[in-house]
Amino acid sequence: MHFRFRHSRPGSGRIRVDKLAITGGARLEGEVRASGAKNATLPILAGALLADSSVTIGNVPHLNDVTTMIALLARMGVEVTVHDGMRVEVNPGSIQHYRAPYELVKTMRASILVLGPLLSRFGEAEVSLPGGCAIGARPVDLHVAGLRAMGADITIEDGFIRARADRLNGVHLVLDIVTVTGTENLMMAATLADGVTVIENAAREPEVVDLADFLNSMGAMVRGAGTNRIEIEGVSSLSGTDYDVMPDRIETGTFLVAAAMTGGRIRVKRTRPSAIEAVLAKLRDAGASVDTGDDWIELDMSCSRPRSVDISTAPYPGFPTDMQAQFTAMNSIADGVATITENVFENRFMHVHELQRMGAKIKIAGHTAVIQGIDRLTAVPVMATDLRASASLVLAGLVADGETLVDRIYHIDRGYECIEEKFQLLGATIKRVV
Ligand code: EPZ
């Protein structure tokens, strides 16, 4: 299947307000394949702008956020061709302008990831300021401060970041806060800068390492990705490459939690166990037997009820904030009392209100939720508010009495490929209804 994105206009159609109808009770059994990682695909697609010839990216997940990033590149005149099996070919040579408009940025904050590559490769960029979102204000001040330190002339007015630079200079940066896309933006900008850039207090997420490996496959000189100190020696140009993105560790963790909640036994294939050690440790604490191979994870709950587990989110290698909502759902039906503390984002308990409507016994005090596990949740209509919150509501529906209707699941389609088909494969009763 070849089709070309040329200035496509996503969002020009009405968003279908689909729902997921889930009937609880099935014990999940079987095998499921992890898709490519959303949070590696997005920076890598943006990083393709740095190349002086075409780049092919494989194992790309079919997600709304990926479609939005492809549309953003196409809107700038970049030729993007989607081949069979979601291999995406990006040819930045045809780019016509360097502007990321509000209508695209507002649907996907990760659009900010084109800022560093555009500035470093073409010397200019105009990117709409991403607004806040349901889970927090999510400023990009550290992205801007780092680029200014590298010599960029940046103004922020009427909701746009306007940046110019003849050539960025390598500098020694110390990030005040560990920021994943901030680290990625600055790492990409540094690949074509004049001299060596050091990023201290860098994010260590596996997706940052995947991006660094992609950049190095184009001829970049990035060292230390995965540690909190990354060193990038600027080069004069980057060539095309053919690169497959890593598996999605959050999708993997979401399916493992679903199996633990339903007392089931599943194997996730084509994944990377080393990328979610913190999650596997907590699943073992909850009573699951977890076995791993090079590219697979098998969880067996042996028909038992999970034990409550305390969670405190932190940057990698700590417990990932993107798995917090899923463990909140699991603790809601676990045996015991647990506390979950969200340390990364200021408002990431939106799923709690919906879980409470299903009967969950949760009390929130500041950044901490105290959860008293109960035997059974009750199926009621619930509403998704953000990507991972919607995943936690699907998990709750898998164990609730009756049919749960999860509304506004366009949130979930942003980050989970064919979620109902994958759960159906594992024996769940779940279908998409309009
Ligand atoms: C990335 O978001 C992920 N998104 C998020 O995944 C993930 O939750 C988050 O990292 C944390 O792991 C992508 O990779 C596309 P941050 P990002 O910058 O980079 C503050 C999902 O569900 N901060 O690491 O935007 C910020 O407010 C999504 O897949 C500043 O103050 O997160 C937050 O409190 C949700 N100034 C903290 O840092 C800045 O300039 C960490 O945010 C940047 C960040």
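Only one of the numbered conditions (1) in a strand (DSSP E or B); (2) free of Cβ contacts under 8 Å to residues at least 24 places away in the same chain is violated by I57, and that is (2). For segment 303-339, enumerate the residues that are hydroxyl-bearing (S, T, Y) and either open to solvent by less than 10 Å² (accessible area, probe 1.4 Å) or touching a Cys at 6+ places or on another chain (Cβ under 8 Å) (or both). Within segment 303-339, T313, T328, S332 meet the criteria. Summed over segment 72-108, the residues that are surrounded by fewer than 18 Cβ atoms within 10 Å (Cβ to Cβ) and within 15 Å of the ligand (Cβ to nearest atom) give a count of 1.
The lone criterion from (1) farther than 20 Å from G234 by Cβ; (2) exposed (fewer than 14 other Cβ atoms within 10 Å of the Cβ); (3) more than 13 Å from the ligand (Cβ to nearest atom) left unmet by I177 is number (3). Among the residues of segment 352-386, those identified as within 16 Å of the ligand (Cβ to nearest atom) and either at pLDDT 95 or above or open to solvent by 60 Å² or more (accessible area, probe 1.4 Å) (or both) are G366, H367. If you take the residues in segment 157-174 that are among the β-branched types (V, I, T) and touching a helix residue (DSSP H, G or I) at 6+ places or on another chain (Cβ under 7 Å), which one is surrounded by the most Cβ atoms within 10 Å (Cβ to Cβ)? In this case the residue turns out to be I161.
When segment 43-67 is limited to residues that are within 14 Å of the chain's Cα centre (by Cα) and open to solvent by less than 20 Å² (accessible area, probe 1.4 Å), the one that is farthest from the ligand (Cβ to nearest atom) turns out to be V60.
Among the residues of segment 302-330, the ones that are of a type in the set (S, T, N, Q), over 15 Å from the mean Cα position of the chain (by Cα) and within 16 Å of the ligand (Cβ to nearest atom) come to 3 in all.
What do you reckon, is L405 away from the ligand (no atom under 13 Å from the Cβ), farther than 18 Å from V309 by Cα, open to solvent by 10 Å² or more (accessible area, probe 1.4 Å) and more than 21 Å from the chain's Cα centre (by Cα)? So L405 passes the test.
Only residues that are more than 24 Å from R75 (Cα to Cα), touching a residue at least 12 places away in the same chain (Cβ under 8 Å) and open to solvent by 10 Å² or more (accessible area, probe 1.4 Å) were counted across segment 137-151, and they come to 5.
Matching residues to (1) closer than 17 Å to F349 by Cβ; (2) at pLDDT below 95; (3) not polar (S, T, N, Q):
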position: R388; (1), (2), (3): yes, yes, yes
position: L393; (1), (2), (3): yes, no, yes
position: V399; (1), (2), (3): no, no, yes
position: G402; (1), (2), (3): no, no, yes
position: I409; (1), (2), (3): no, yes, yes
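The values are calculated or read from the model by the stated rules, or taken from the named source; none is laboratory data. Being a predicted model, the structure only gives us computed values, none of them experimental. Cβ: placed from backbone, ideal geometry, glycine included. Neighbour counts: every protein chain shown. Quick note on the areas: whole protein, heavy atoms, side chains included, nothing else; ligands and nucleic acids left out. Shrake-Rupley method; radii C 1.70, N 1.55, O 1.52, S 1.80 Å.
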